[in-house]
Amino acid sequence: MKEYNTKQKEMLLNFLKENGHSSYTSEEMLQALPGMSKSTLYRLLGHLEEEGALRCSMKDRSRTYSLIEKECLRHLHLKCRKCGQSMHLSEEATAEIIRIIENEACFLAAAIDVEVTGLCRECRK
């Protein structure tokens, strides 16, 4: 079945691209995207997650979503559990962690799709 880029899908992708530093619950997205129905949003989130375009996480017992950019597949992500901010670990630091995994566990990593959760500097204050 052919996949069409609807106005709603384009609106959702633009919102996620413009706000790439954070992740959002479906309720937060519905508030930010006037005119989008709940069923349409859930359908789009499901399709985008299946396509590997979205990262899904948990925050305060709610699923949150953020866009995965192609360059994000080469490094780890750090996500604050309190404010939801997402940060990118450098490719150099990620490579060092992968090297340690390979040496310590004799495990060859095939893909990097990891999000480390905790508290950012501001939320730890």
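Over 23 Å apart at the Cα level, from the set 82/125; 17/82; 17/125, are 17/125. Can you pull a Stokes-Einstein diffusion coefficient for region 11-88 at 20 °C (1.002 mPa s), Rh from Kirkwood over Cα pairs, as a whole number of µm²/s? For these conditions, the coefficient is 167 µm²/s.
Normalised per residue, the accessible area of the chain is 69 Å², obtained with a 1.4 Å probe and no contribution from ligands, DNA or RNA. The charge dipole of the chain, taken about its Cα centre with unit charges on the Cβ atoms of Lys, Arg (+1), Asp and Glu (-1) only, comes to about 560 debye. Computed from Cα positions, the angle between helix 91-105 and the longest principal axis of the chain comes to roughly 60 degrees. Estimated at the nearest 10 Å², the accessible area of residue 81 is 150 Å² with a 1.4 Å probe. Exposed loop sites here are chymotrypsin sites (Phe, Trp or Tyr not before Pro) assigned a DSSP state other than H, G, I, E or B and surrounded by at most 10 other beta carbons within 10 Å; excluding them, the longest clear run of the chain is 5-106. Between helix 38-50 and the chain there is an angle of about 30 degrees, using the helix long axis and the longest principal axis of the Cα atoms. Protein heavy-atom surface of region 13-65, 1.4 angstrom probe: 46% of the accessible area is carbon and sulfur, with nucleic acids and ligands not counted. Angle of helix 7-18 to the longest C-alpha principal axis of the chain, folded into 0 to 90 degrees and rounded to 10: 40°. Ordered by 1.4 Å accessible area with all protein chains kept, 77, 47, 88 run largest first as 88, 47, 77.
The values are calculated or read from the model by the stated rules, or taken from the named source; none is laboratory data. Not measured: the values here are computed from a predicted model. Quick reminder, even Gly has a Cβ in these numbers, built from the backbone with ideal geometry, and neighbours come from all protein chains shown. Accessible surface is based on the protein model in full, side chains and every heavy atom, while ligands, DNA and RNA are left aside. Shrake-Rupley method; radii C 1.70, N 1.55, O 1.52, S 1.80 Å.
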